[in-house]
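First the structure, in the form of structure tokens, and then the observations on it.
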Amino acid sequence: MSTGQPGAFRRLTHRLTRSSHELEADELRRESIDLGVVHISDAQQRTKVTVLGEVRSVTLRPRDETPALDVEVWDGTESLHLVWLGRRRIAGIVPGIKIQATGRITTRRKVTTMFNPAYEIIGRAGQQHG
């Protein structure tokens with residue numbers, strides 16, 4: 001008699017053998033669902049969306065005339081680049097911080113990108129929001 005559900009031992013073994021990367025991805029996906037934001041992998045192009053993720057990298061892209069701050073955010077499903085034109089830095093946005101961003105998603109040079117989004121710093125990775 002099998003109900004199709006894995007047994008308690010199998011679930012425990014699966015949980016214990018997962019990498020920290022997989023556990024972090026699950027946590028970020030769960031938090032996105034709890035806050036009602038869109039997963040980056042599910043976001044529609046050219047529509048206004050709100051996403052939540054962890055900052056993976058912060059890069060200043062110097063241009064001849066206008067600098068651009070490029071922040072890579074990962075939400076456990078996919079990465080998104082938040083680009084602020086004319087900015088060299090934004091206080092508080094550093095690798096490891098959780099950020100919620102709202103704007104329109106586009107693809108630029110095969111990279112999923114959101115330009116000049118509205119944003120809110122949520123907290124450090126590993127902290128629960130609320």
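The values are calculated or read from the model by the stated rules, or taken from the named source; none is laboratory data. Quick caveat, the model's predicted, so the values are computed rather than measured. In this analysis, Cβ positions are derived from the backbone assuming ideal geometry, glycine residues included, and neighbour counts consider all displayed protein chains.
Tabulated values for the structure
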item	result
Close pairs (9 angstrom Cβ cut-off, 6 or more residues apart or separate chains): modelled with pLDDT under 85 in the stretch 31-46, surrounded by 13 or more Cβ atoms within 10 Å (Cβ to Cβ) and in a helix (DSSP H, G or I) anywhere	S32/I40
Within the stretch 68-90, considering residues that are small (G, A, S) and within 23 Å of E31 (Cβ to Cβ), the one surrounded by the most Cβ atoms within 10 Å (Cβ to Cβ)	G76
Output for the stretch 91-116, where each listed residue is within 25 Å of D26 (Cβ to Cβ) and out of contact with any helix residue (DSSP H, G or I) (no Cβ under 9 Å at 6 or more places or on another chain)	I93, V94, P95, G96, I97, I99, A101, T102, V111, M114
Every pair of residues 6+ apart whose Cβ atoms lie under 8 Å, when the first sits in the stretch 86-107 and is under 11 Å from L52 (Cα atoms) and among the small types (G, A, S) while the second is at pLDDT 95 or above and assigned to a loop (DSSP other than H, G, I, E, B)	A101/P117
Number of positions in the stretch 72-83 that are more than 14 Å from R108 (Cα to Cα) and part of a strand (DSSP E or B)	2
Identity of the residue in the stretch 71-87, of a type outside the set (S, T, N, Q) and modelled with pLDDT under 95, that ends up farthest from M114 (Cα to Cα)	G76
